[in-house]
1. Which residues, taken from the range 69-93, are at pLDDT 95 or above, at negative phi and not hydroxyl-bearing (S, T, Y)?
2. Determine if the range 91-110 includes at least one residue that is assigned to a loop (DSSP other than H, G, I, E, B) and either touching a Gly at 6+ places or on another chain (Cβ under 6 Å) or surrounded by 10 or more Cβ atoms within 10 Å (Cβ to Cβ) (or both).
3. Restricting to the range 53-79, count the residues that are assigned to a loop (DSSP other than H, G, I, E, B) and within 15 Å of A104 (Cα to Cα).
4. Enumerate the pairs (first residue in the range 100-114 and assigned by TED's automatic domain parsing to the domain that holds D67; second residue anywhere and modelled with pLDDT of 95 or more and assigned to a loop (DSSP other than H, G, I, E, B)) with beta-carbon separation below 6 Å, excluding pairs fewer than 6 apart on the same chain, so at least 6 apart or on different chains.
5. Would you mind stating whether K65 is modelled with pLDDT under 85 and farther than 30 Å from A14 by Cβ?
6. Take the conditions at pLDDT below 85 and either among the basic types (K, R) or assigned by TED's automatic domain parsing to the domain that holds R15 (or both) and apply them to L43. Does it pass?
7. Would you check if there is a residue in the range 6-14 being in a loop (DSSP other than H, G, I, E, B), within 14 Å of the chain's Cα centre (by Cα) and either of a type outside the set (G, A, S) or at pLDDT below 75 (or both)?
Amino acid sequence: MATHLRGETSLEEARFVLFSEETYGLFARALRELTADAIFVELGLKPNSEMVADLVELEPDGRIKIDAQNRTSKPGIFAAGDVTNVYAEQVLIAVGEGAKAALAAYEYLLEQPVEEKAATDTWR
C-alpha cells in the first residue's frame, strides 16, 4: 500500500508498506517499508461481460469463470483475457489465453458430429 508519493511534475519519491500474506487479512502493519523511484498504477477494471451474463457462469465481480482449457459453463462458449477469472491482467497473458481458447474451440469443433452431405453437389 502506498503511504507517501512526492514530486512536483514527476515522481521523485514513493514509499510503500508491504504486508505478509498471513497478516494481510488482519490489516497488520508491514514487515518493512520500501522506497521506489517509479511506480506502476493499476486500476481495478470492471470486466465487460454483460453480453454473456445470461449464458455463462460469472464470478461475483463479473469475470467469466473458465477452466484450464478456457471453457465456460456453457458448452461451445470459450473466453479469454481480462474478462475471465485468470490470474494477472496483463497483455501477454491475455494473448496466451486467447491462443489457448482458439485451440480449445478448434478441438471442440472437431468433436462435434458432422451433418450428412447433401444429396447433390450443385449449389442452389
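The values are calculated or read from the model by the stated rules, or taken from the named source; none is laboratory data. The structure displayed is predicted, hence computed values, not measured ones. No Cβ is skipped: glycine too gets one built from the backbone with ideal geometry, and neighbour counts run over all protein chains shown.
1. Answer for the range 69-93, where residues must be at pLDDT 95 or above, at negative phi and not hydroxyl-bearing (S, T, Y): Q69, R71, K74, P75, I77, F78, A79, A80.
2. The initial filter retains those residues of the range 91-110 that are assigned to a loop (DSSP other than H, G, I, E, B), namely none.
No.
3. Start the filter on the range 53-79 by keeping residues that are assigned to a loop (DSSP other than H, G, I, E, B), which leaves 53-57, 59-63, 65-70, 72-77, 79.
Filter once more, so that each one left must be within 15 Å of A104 (Cα to Cα): 66-70, 72-77, 79.
Of the residues in the range 53-79, 12 are assigned to a loop (DSSP other than H, G, I, E, B) and within 15 Å of A104 (Cα to Cα).
4. Hits for this filter: K100/N70; A101/N70; A101/A80; A104/Q69; A104/N70.
5. Numbers: modelled with pLDDT under 85: no; farther than 30 Å from A14 by Cβ: yes.
Against the criterion (modelled with pLDDT under 85 and farther than 30 Å from A14 by Cβ), K65 does not qualify.
6. Details: at pLDDT below 85: yes; either among the basic types (K, R) or assigned by TED's automatic domain parsing to the domain that holds R15 (or both): no.
When the stated conditions are applied, L43 does not pass them.
7. As a first pass, look at the range 6-14 and keep what is in a loop (DSSP other than H, G, I, E, B): 7-12.
Retained after the next criterion (residues that are within 14 Å of the chain's Cα centre (by Cα)): none.
No - not one qualifying residue is present in the range 6-14.
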